[in-house]
Amino acid sequence: MNIVIIEDELLTAEDLVDIISQIGHDIHISAVLHSVKDAIRYFNEASPVDLIFSDIQLGDGISFEIFRETRIKAPIIFCTAYDEYALDAIKSNGIEYVLKPFAVGSIIKAIDKYYQLKRHFVPAEIDYGKLIQSITAAAKPEKEAGSILVYYKDKILPIGFDEIALFYIEGEFVRLHCFNGRSYIVNQALDELEQLAKGDFFRVNRQYLVNRRAVIDANHYQPRKYVVNLSIPYKEFLVVSKNRTAAFLQWLTRK
């Protein structure tokens, strides 16, 4: 994927380049442009790009002028310290609106949204090799869950499912909490993690997905509700939803 960055603050542009470069090996920064004038010249002469990260207020004008003066079809992720331009951003191919200062999680979420839209609107080619592999693998015993990747500062870390006590939703993000007490942002939805973790984890409610190894026992909380007692220190009580109690008790007794 080829990305162009439009940002007039040099340090901010460098930070954004660093964050994007860490996210995936298939991502290439085609250009970093610092003004409306330079951007118009670039897009009128250069080959098409896949995605644009653009500040709104540039030194010589507003970036919306660029998109009115050129025939850009690429989606745009707008980056700004202000939110009063949200409507204009949507009208200018905007798919996401990221506020400064940048957080790694917000940039990951924005790029993931691009991939989701791309998968939805552009039919993917069938990989027959993977299709055959998945069919033949169906007859083989299931392997234990592996690892997922998390972003921490300037690193990408693999975290094994056996290291994770629970996943939980906090605000707009999904996080994981390890047995060693460390916590990281995860770039996957809780529903997807539930599928990846298979039977080793249980979705006690909409907010929490807990590892069987982290559960000591459960106490009655209200009629048809249970509080889960964990083997690790944790700030919140995990309450099993009424509609999940039967499945939870069955899961708790499994070896």
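Given H placed 1.01 Å from N in the peptide plane, which residues other than close sequence neighbours of TYR152 have an amide H under 5 Å from its amide H?
The list, which skips near neighbours in sequence, is LEU157.
I need the peptides 38-51, 230-243 ranked by packing, meaning the mean over residues of other C-beta atoms within 10 angstrom, with the highest value on top. Provide the component values of the computation, followed by the final result.
Values: 38-51: 15.6, 230-243: 14.0.
In decreasing order of mean packing, 38-51, 230-243 become 38-51, 230-243.
Once you put a point 7 Å from the Cα of ILE232 and another 7 Å from the Cα of ARG212, both along the Cβ direction, what distance in nm separates them?
About 1.8 nm separates the two model spin labels.
So which of LYS153/LYS198; LYS113/LYS225; LYS100/LYS235; LYS118/LYS242; LYS198/LYS242; LYS113/LYS242 end up more than 26 Å apart, counting from Cα to Cα?
Details: LYS153/LYS198 29 Å; LYS113/LYS225 36 Å; LYS100/LYS235 29 Å; LYS118/LYS242 38 Å; LYS198/LYS242 21 Å; LYS113/LYS242 33 Å.
Those over the limit are LYS153/LYS198; LYS113/LYS225; LYS100/LYS235; LYS118/LYS242; LYS113/LYS242.
How far, in nm, would the chain grow between GLU14 and LEU149 when pulled straight, counting 0.36 nm per residue and subtracting the alpha carbon separation?
Working: separation 135, 0.36 × 135 = 48.60 nm, distance 2.37 nm.
Stretched out fully, the GLU14 to LEU149 stretch lengthens by 46.2 nm.
What FRET efficiency comes out for GLU45 versus CYS178 if R0 is 35 angstrom and r is the Cβ-Cβ distance? Round to the nearest 0.05.
Details: r = 49 Å, r/R0 = 1.41.
The pair GLU45/CYS178 has a calculated efficiency of 0.10.
For an R0 of 25 angstrom, estimate the FRET efficiency from the Cβ-Cβ distance between GLN250 and GLU192 and round to the nearest 0.05. Walk me through the intermediate numbers first.
On the way: r = 23 Å, r/R0 = 0.92.
Taking R0 as 25 Å, the efficiency between GLN250 and GLU192 is 0.60.
Provide the solvent-accessible area of HIS28, counting protein heavy atoms only and rolling a 1.4 Å probe, rounded to the nearest 10 Å².
Only protein atoms counted, so the area is about 100 Å².
May I ask you to order 63-69, 52-58, 167-173 by the average number of other C-beta atoms within 10 Å around their residues, highest value first?
Details: 63-69: 18.9, 52-58: 22.6, 167-173: 14.3.
Final packing ranking: 52-58, 63-69, 167-173.
The values are calculated or read from the model by the stated rules, or taken from the named source; none is laboratory data. Everything numeric here is computed off the predicted structure, so don't read it as measured data. Heads up, the Cβs are rebuilt from the backbone with ideal geometry, glycines too, and the neighbour counts pull from every protein chain shown. Please note that ligands, DNA and RNA were not included when accessible areas were found on the heavy atoms of the full protein model with its side chains. Shrake-Rupley method; radii C 1.70, N 1.55, O 1.52, S 1.80 Å.
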